[in-house]
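A short reminder: the numbers here are calculations on the coordinates, not readings from a lab. Since the model is a prediction, treat every value here as computed from it, not as a measurement.
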């Protein structure tokens, strides 16, 4: 995984095994309804006889358009799922764990470092500020 702002890899990080990465990305695709084996077929493959393809529409033209749309969505969502996996791993790296004396269980402990990322307006996320309520409209009523 790459580190933001650097062109190289952090050598202390190990690669996630390919099978685990594929399983996690496949799980995300399944949640989105894009894990059908027909959508994984090579371009031009014969998917027209499958029951999945036949459920995509009433006519061949409608099915073809729907199939192409799903293939495009799968490609688009794959990169989003990969970024989500990277964010999850980055978040997980922020935790430490302690092992019990007998080695049977361990406890995840969040680190005490706070992320202070700047926003577009120059303010910093993660810094506590007093809440301000400028609302003067009292016309809202609960039913």
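Fully extending the segment from residue 82 to residue 23, taken as 0.36 nm per residue of separation minus the present Cα-Cα distance, adds 20.1 nm.
Take every Cα pair under 8 Å whose residues are at least 6 apart in sequence, average their separation, divide by the length of the range 18-110, and the relative contact order is 22 percent. How large is log10 of I(q)/I(0) for the range 18-110 at q = 0.10, 0.11, 0.16, 0.24 Å⁻¹ when the intensity is taken from the Debye formula with one equal scatterer per alpha-carbon? For the range 18-110, the Cα-only Debye profile gives -0.43, -0.49, -0.75, -1.20.
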